Amino acid sequence: MHLKDKVALVTGAAQGIGNACAHALLEKGCKVGLVDNNAEVGRESKNNLDKQFDTQRTIFIPCDVSHEEQLKDAFKKIFEHFGRLDIVVNNAGVNNEKNWEVTVQINLISVIRGTYIGLDYMKTENGGNGGAIVNIASLAGLMPVPFQPVYCASKHGVIGFTRSVAMVSKAGKYDVRINTICPSFVNTPILQSIEKEENMGQYLTYKEQLKDMINHYGLLPPPLIAEGLIKILEDDTLNGEVMKITTNQGIHFHEYGPSPFQPDKK
Ligand SMILES: NC(=O)c1ccc[n+]([C@@H]2O[C@H](COP(=O)([O-])OP(=O)(O)OC[C@H]3O[C@@H](n4cnc5c(N)ncnc54)[C@H](O)[C@@H]3O)[C@@H](O)[C@H]2O)c1
């Protein structure tokens with residue numbers, strides 16, 4: 001996809017990986033709808049982007065992605081404001097093992113919902129222009145993570161859903177590519193959550209072991225994840241792929257054997 005003048009919606013865009021993705025999309029000439037439930041940091045981050053990019057090219061929409069009506073409304077506002085939608089980055093996520101239902105709600109259910117709403121706007125059979133959806137999972141979606149079992153489950157869910165719905169999109173000729181990115185640890189505020197009882201609950205006692213794990217893997221800079229996003233968006237051959245980003249190997253893809261059932265090959 002040629003990115004100039006395309007319209008992207010990025011959830012969790014106020015800070016961290018989402019903010020880096022918004023920045024990279026703007027550098028490529030996109031217009032970006034910034035969606036986040038942290039209105040204060042969200043507005044601040046729009047103001048910062050306005051210093052570098054034309055203020056007309058971003059809009060900030062305060063929205064809790066786990067609230068169905070708010071999420072639908074955010075898509076509607078961004079679509080109506082810019083007149084089209086081409087890219088959705090379902091990035092908003094939390095680490096909460098104490099209120100673990102919230103983790104499933106935000107990290108998995110809202111990603112599924114964001115994908116379906118995105119398809120409603122973009123798929124050609126609905127009069128859309130086609131497009132691309134990128135769901136941010138984690139390396140935790142590909143391996144067990146001690147002391148973060150629900151976070152890990154939510155990310156496994158994102159990968160399974162994304163790979164599967166990508167096959168549906170291809171079979172149904174939606175003209176929407178759907179892929180996922182799995183970074184290792186990234187240097188963002190979410191990592192502070194491992195120090196907090198309100199996030200870790202019963203697993204707080206293992207925080208030193210989690211820190212050892214972070215030291216073992218190292219920390220990635222958020223712009224590297226944005227670079228992975230741009231690679232996926234610009235390469236029209238990619239659908240259903242699982243991009244991994246690690247300190248050792250940089251940007252690369254997880255390799256799976258052939259899927260036993262390929263509906264589009266009938
Ligand atoms: N930082 C890492 O080590 C790492 C590694 C792999 C994957 N990830 C994933 O990357 C994504 C972004 O994480 P990050 O590291 O930038 O974290 P972050 O905490 O810095 O940013 C997350 C953003 O999402 C927003 N958000 C949280 N809940 C929301 C909700 N209900 N509605 C709307 N917005 C909401 C927050 O306000 C915040 O701006 C998450 O899905 C995370 O699981 C992070």
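Please determine, by comparing only the residues of the stretch 112-158 that are more than 16 Å from the ligand (Cβ to nearest atom) and of a type in the set (S, T, Y), which one is farthest from the chain's Cα centre (by Cα). Taking the candidates together, the pick is T124. The residues of the stretch 53-74 that are in contact (Cβ under 8 Å) with a residue 12 or more places away in the chain, under 16 Å from A39 (Cα atoms) and in a loop (DSSP other than H, G, I, E, B), listed by number, are C63, D64, V65, S66. Selection of the stretch 21-35 for residues being more than 12 Å from the ligand (Cβ to nearest atom) and either modelled with pLDDT under 95 or in a strand (DSSP E or B) (or both) yields K31, V32, G33.
Listed by first and then second residue, the pairs with beta-carbon distance under 7 Å, at least 6 apart or on different chains, first residue in the stretch 75-100 and away from the ligand (no atom under 14 Å from the Cβ), second of a type in the set (D, E) and modelled with pLDDT of 95 or more, are K98/E198. For the stretch 197-233, the tally of residues that are within 16 Å of the chain's Cα centre (by Cα) and either among the acidic types (D, E) or within 19 Å of T103 (Cβ to Cβ) (or both) stands at 1. Every condition in (1) under 30 Å from T124 (Cα atoms); (2) in contact with a strand residue (DSSP E or B) (Cβ under 9 Å, 6 or more places away or on another chain); (3) without any contact (Cβ under 8 Å) to a residue 40 or more places away in the chain is met by D236 except one, and the failing one is (3).
Scanning the stretch 173-181 turns up one or more residues that are more than 30 Å from N99 (Cα to Cα), within 16 Å of the chain's Cα centre (by Cα) and away from the ligand (no atom under 12 Å from the Cβ).
Of all residues in the stretch 2-20, those that are assigned to a helix (DSSP H, G or I) and within 6 Å of the ligand (Cβ to nearest atom) total 3.
Annotation note: of I230, I245, I251, the sole residue that is surrounded by 13 or more Cβ atoms within 10 Å (Cβ to Cβ), assigned to a helix (DSSP H, G or I) and modelled with pLDDT of 95 or more is I230.
Residues in the stretch 87-120 that are outside any loop (DSSP other than H, G, I, E, B), out of contact with any Lys or Arg (no Cβ under 9 Å at 6 or more places or on another chain) and among the aliphatic types (A, V, I, L, M): V88, V89, V102, V104, I106, I109, V111, I112, L119. The single condition among (1) at pLDDT 95 or above; (2) out of contact with any strand residue (DSSP E or B) (no Cβ under 7 Å at 6 or more places or on another chain); (3) within 21 Å of E234 (Cβ to Cβ) that G128 does not meet is (1). Figure legend. Inter-residue proximity from the stretch 101-116: first residues over 16 Å from C152 (Cβ atoms) and modelled with pLDDT of 95 or more, second residues away from the ligand (no atom under 11 Å from the Cβ) and of a type in the set (S, T, N, Q), beta-carbon distance below 9 Å, spacing 6+ or different chains. Indicated pairs: T115/T162.
The values are calculated or read from the model by the stated rules, or taken from the named source; none is laboratory data. The shown structure was predicted, so the numbers you read here are calculated from the model rather than taken from an experiment. Note that we place each Cβ from the backbone using ideal geometry, even for glycine, and neighbour counts take in every protein chain shown.
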